[in-house]
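The values are calculated or read from the model by the stated rules, or taken from the named source; none is laboratory data. Quantities reported herein were computed from a predicted structural model and do not represent experimental measurements. Note that we place each Cβ from the backbone using ideal geometry, even for glycine, and neighbour counts take in every protein chain shown.
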Amino acid sequence: MSAVPALGDEPRHGLRHLAIIMDGNGRWAKRRHMPRVLGHQRGVEAVRRTVRAAAELGLSALTLYAFSTENWRRPEDEVSALMGLLKHFILSDLDEFAANNIRLKIIGDTSAFSSEIIGLIDHARSRTADNTGMVMTVALNYGSQDEIARAARAAAAKGEITAEAISAELDTADLPPLDLIIRTSGEVRLSNFLMWQAAYAEMLFLDVLWPDFGREHLEAAIEEYARRERRFGGR
Ligand code: IPE
Ligand code: IPE
Ligand code: MG
C-alpha cells in the first residue's frame, strides 16, 4: 500500500466522504449455485480491495453498510455466518489498518452483538484511535431511523430540537459531510442507510454485485462524482 494521505489533504477529485451499500452477495452466490455465505465471503474480499483503494485515492472517510437493523430478519444461520465473517475480518485485517494509519469507527447499536464481538470491536477501535488517515466506518446493526430517533432524544435531553442539534448527535457527527453514496446490485433504494446525511449527497446505483466490486469501479465512481454539479439548493 502506498503512503496514505493524512486527513485534511484535499484530493483533486473533491470526494472526501463516500458511503457504500454493499449489496448483492446473495445473488452473486446464487448465480454460481453456491451457498449465500460464499457470496458474503467474497464480499469481504471486496471490502479489503475497496478500503485499500479508497485510502490510496485520498478519501478522508469510507462508510460501509455491513449489517442493517432489518438484517436480523434473515435466517439464523445466515446471521451467524455474517457475525463469524465480521469477527474473522477484524482479527485478520486489523494489523493492516493500524499499519496504514486507518481509524476504525463503528456506527449503529452494537449492544445487540455478542460480548466477544463487542470486545473485538472495542479493541479495534482503541488500537486505531490515534490514527490520522482515512476513517473507515462500519455500520453494524445500523438503521437510519434508529439513529435519527437516538439523536433526537439526545438533542431533546439538551433542550434543543433543531436540525443542527440533531446533526450534532448523529453517529456520523465527527465525519466530513457525506459526498457520495454508492449502492451495488442494481437496487435503487437506501434501505434505511444514512437518510439524514444523504440530504444533499450524490448517489450512484451500479449494476455490479458487491463481490465483483473493485478498484476500477471505485475509480470510475470518483470520476463520475467529479463530473457532478452540486448546488445545495443555491444556483
Ligand atoms: C449484502 O448482500 C450483504 C448484507 C446485507 C449483509 P445480500 O445478502 O443482501 O445479497 P442479495 O441482495 O441477497 O443479493
Ligand atoms: C442493505 O441491503 C443492507 C446492507 C447492505 C447491509 P439489504 O439487502 O438488506 O436491503 P434490501 O432488503 O434489499 O432493501
Ligand atoms: Mg440485499
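Taking only pairs six or more apart or across chains, which ones have beta-carbon atoms under 9 Å, a first residue in the range 82-103 that is closer than 19 Å to residue 26 by Cβ and of a type in the set (Phe, Trp, Tyr), and a second residue that is assigned to a helix (DSSP H, G or I) and modelled with pLDDT of 95 or more?
That search, which allows pairs on different chains as well, returns 89/44; 89/47; 89/48.
Among the listed residues 190, 120, 178, which satisfies the condition of being aliphatic (A, V, I, L, M), buried (at least 18 other Cβ atoms within 10 Å of the Cβ) and outside any helix (DSSP H, G or I)?
When all the criteria are applied, what remains is 178.
Which residues, counting only those in the range 53-63, are surrounded by fewer than 21 Cβ atoms within 10 Å (Cβ to Cβ) and either in contact (Cβ under 8 Å) with a residue 60 or more places away in the chain or farther than 23 Å from residue 18 by Cβ (or both)?
53, 57
Hey, does the range 99-110 have a residue that's of a type in the set (A, V, I, L, M, F, W, C), in a helix (DSSP H, G or I) and over 26 Å from residue 69 (Cα atoms)?
Yes, the range 99-110 has at least one match.
Quick check: anything in the range 138-161 on the phi > 0 side of the Ramachandran plot, surrounded by fewer than 16 Cβ atoms within 10 Å (Cβ to Cβ) and of a type in the set (Gly, Ala, Ser)?
Yes, the range 138-161 contains a residue that is on the phi > 0 side of the Ramachandran plot, surrounded by fewer than 16 Cβ atoms within 10 Å (Cβ to Cβ) and of a type in the set (Gly, Ala, Ser).
Go through 199, 226, 221 for me and flag whichever is in a helix (DSSP H, G or I), more than 15 Å from ligand 2 (Cβ to nearest atom), hydrophobic (A, V, I, L, M, F, W, C) and surrounded by 14 or more Cβ atoms within 10 Å (Cβ to Cβ).
221
In the range 199-212, what count of residues is obtained for those that are closer than 23 Å to residue 151 by Cα and free of Cβ contacts under 8 Å to residues at least 24 places away in the same chain?
Of the residues in that region, 1 qualify.
Restricted to the range 13-45, and to residues that are away from ligand 3 (no atom under 14 Å from the Cβ) and within 14 Å of the chain's Cα centre (by Cα), which residue is farthest from residue 209 (Cα to Cα)?
Ranking the candidates gives 16 first.
Matching residues to (1) surrounded by 14 or more Cβ atoms within 10 Å (Cβ to Cβ); (2) away from ligand 2 (no atom under 16 Å from the Cβ):
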residue: 26; (1), (2): yes, no
residue: 33; (1), (2): no, yes
residue: 38; (1), (2): yes, yes
residue: 42; (1), (2): yes, no
residue: 66; (1), (2): yes, no
residue: 72; (1), (2): no, no
residue: 82; (1), (2): yes, no
residue: 86; (1), (2): yes, no
residue: 97; (1), (2): yes, yes
